[in-house]
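Read through the structure below, which is laid out as structure tokens, and then see the notes.
The values are calculated or read from the model by the stated rules, or taken from the named source; none is laboratory data. None of these values were measured; they are calculated from a predicted model. Backbone-built Cβ (ideal geometry, glycine too); neighbour counts: all protein chains shown. Ligands, DNA and RNA are stripped out before the accessible areas are found, and what is left, the full protein with its side chains, is counted by its heavy atoms. Shrake-Rupley method; radii C 1.70, N 1.55, O 1.52, S 1.80 Å.
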Amino acid sequence: PHSDPNANIHSMDEFVAMDRRVEVLIVDTNTCNDPSITHLDLSSFKCLRVFKVGDYSFPYVGEVNVVELEKLERVVIGEHCFMKKKRYDEPKHFYLKSCEKVKELKIGCYSLFPKSQEASGHLEKEKR
């Protein structure tokens, strides 16, 4: 996998230090692969318009919360993200909720779940 030249996140330290008013978060390929990172919550990024994750990132994260981001328009997750290699039996949860401006949601192959019906059971988009 190749690095994304537009990425502004190359490590979990950069993610944690990122200004919460940022509009675009692009996580580089093969990033945030520390076993201690098991949960990802984007709810504090209230100005976020775009969240993009490069391939092979966040393998140990079991729950992703993308909730109440009123400005969010795009979520793009690369391949093999939020999934440990060959561990497709572990439950993963991805919540997209109260993000009414989202126009694009792309989840790459072998990310979150190997079966689309399982992913759809944990993918929630509410309209008020």
*Quote to one decimal, in nm, the extra length available between Lys103 and Val16 on full extension: 0.36 nm per residue of separation minus the C-alpha distance between them.*
28.7 nm
*In debye to the nearest 20, how big a dipole does the range 1-96 give about its Cα centre with +1 on each Lys and Arg Cβ and -1 on each Asp and Glu Cβ?*
140
*Portion, in percent, of the accessible area of the range 18-58 that falls on carbon or sulfur, probe 1.4 Å*: 49
*Compute the normalised compactness of the range 1-105: alpha-carbon radius of gyration over 2.2 N^0.38 Å, N being the residue count.*
1.00
*Amide H to amide H under 5 Å from Val76: which residues, 5+ apart in sequence or cross-chain, H placed 1.01 Å off N in plane?*
Phe51, Lys52, Val53, Lys106
*Low-density loop positions, trypsin sites (Lys or Arg not before Pro), the range 16-83 - DSSP coil, at most 11 other Cβ in 10 Å*: Arg20, Arg21
_At 1.4 Å probe radius, can you tell me the per residue accessible area of the range 5-87 in Å²?_
49
*How much length is gained on full extension from Asn33 to Val76, taking 0.36 nm per residue of separation minus their Cα-Cα distance?*
13.7 nm
*Give a residue-ordered list of calculated ³J(HN,Hα) values for the range 92-99 (Karplus: 6.51 cos²θ - 1.76 cosθ + 1.60, θ = phi - 60°; whole Hz; x for Gly, Pro).*
10, 10, 10, 10, 10, 9, 6, 10
*Along the charge dipole of the range 14-113, which of Val102, Tyr56, Met18 sits closest to the positive end, that is, farthest toward it, with unit charges on the beta carbon of Lys, Arg, Asp and Glu (+1, +1, -1, -1)?*
Val102
